[in-house]
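Computed from the coordinates by the stated procedures, all read-outs in this text should not be read as laboratory data. Note that the structure is predicted; figures quoted are calculated from it, not measured. All Cβ positions, glycine included, derive from the backbone under ideal geometry; neighbour counts span all protein chains shown.
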């Protein structure tokens, strides 16, 4: 592969500095080693085009401090056909953008000490109308593809591996995650609503037609500041899908196989045992969940018990110690809604064709996780519902 000369590197930096509204930044084939961030600051209708996802590589290994490799702020942006290696912070971050597309972009870290890798590989936050299509994200110490505090989102045809969390939708409205592969992460696909953020409770996510397999990687997340960073450190390796404090989520037609601890976890934020403040309309409870028509396969490997959540799921489930689970529901109820789990007040629905053959556990827990009881009976949760999303405004991006 051609290694960019200092003059060629400087020409790339200059394009980012000089680009105007409606402009195009061309990234030729080659490996370019940068010692500065690349920034688009409030410039609209910009396209950043490489020669191919593995033909154009921007390496930030020489950037010893700072944040993102690439940061973009603006509307109507396209990032396409290039790779970002070894950013000191996030690989590619977009913030306060409307109509942004990541297409055939790869963000990763190549060093061995993963706890020192960047936090997020592909990271749109506080955006509207987000398309992430055909991208690859790997080896981030938090989430590979992370969409936060945003609305109207499509994540499709992507590959996420070697991260703590493969794909994470956090405090977002109206998202669809489909036709992706998440493997060899600690957790495959996550939908979280976390406290203390500008955008509080959010709802409406559909996860379908994904392959979520063998997400048994060690959790190498460092202890980050604040509750949000601490939440990902608690993901037990071997987790397929995790829903924390999530609202209005449908999970269907996925292949959930080889995840050694649990296939699908449905839980309130209390399960993390982290402190929180119920302000700004945020709620720690999970409600309106519909899990149906997925394929499961429990592995022969033992579940992970290095994390407290993994210890609960593996040691206190209804099938005996060290048994992998297909579906787990923590059973923590909002007392404002109801107190009898048999009435399913949180509207949690499971309708898997082979439900009787799965390892399904629901717990009766207090918010402090005391007096733990577990049960196999799924009859209170045999229901179905409609989770509606509309991402038509993103499909044209």
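Taking neighbour Cβ counts within 10 Å as the exposure measure, how do 252, 350, 363 sort from fewest upward? Let's see the in-between values first.
Working: 252 17, 350 25, 363 22.
Lowest to highest Cβ neighbour count: 252, 363, 350.
What would the Debye formula give as log10 I(q)/I(0) at q = 0.17 Å⁻¹ for the alpha-carbon point model of region 1-141, no solvent?
Per q value, in the given order, log10 I(q)/I(0) is -0.86.
Given 0.36 nm per residue, what is the gain on full extension from residue 372 to residue 311 after removing their alpha carbon distance, in nm?
Net length gain for the segment: 20.7 nm.
Rank the residues 383, 172 as a footprinting-exposure proxy: fewest other Cβ atoms within 10 Å of their Cβ go first.
The order, fewest Cβ neighbours first, is 383, 172.
To the nearest 0.05, what FRET efficiency results for residue 157 and residue 279 with a Förster distance of 51 Å applied to their C-beta separation?
E between residue 157 and residue 279, to the nearest 0.05, is 0.85.
Helix-only estimate, please: 222 nm mean residue ellipticity of the chain, summing -39500 (n - 2.57) across DSSP H runs of length 4 or more and dividing by its residues, to the nearest 500.
My calculation for the chain gives -2500 deg cm²/dmol from helical runs alone.
If neighbour count is taken as other Cβ atoms inside 10 Å, put 368, 199 in order from fewest to most.
368, 199
Using a Gaussian network model of the chain with C-alpha springs under 10 Å, which one of 165, 11, 267 is most mobile by mean-square fluctuation?
11
Hey, what did region 191-392 get for relative contact order, percent, Cα under 8 Å, at least 6 apart?
Contact order relative to length: 21 percent.
Which whole-number percent gives the relative contact order of region 100-181, counting Cα pairs below 8 Å spaced six or more residues apart?
On the way: 228 pairs, mean separation 23.1, N = 82.
Relative contact order for region 100-181 comes out at 28 percent.
Note down the relative contact order for the chain as a percent, whole number, built from C-alpha pairs under 8 angstrom at least six residues apart.
10
Compute the FRET efficiency between residue 62 and residue 347 as 1/(1 + (r/R0)^6), taking r as their Cβ-Cβ distance and R0 = 45 Å, and round to the nearest 0.05.
0.30
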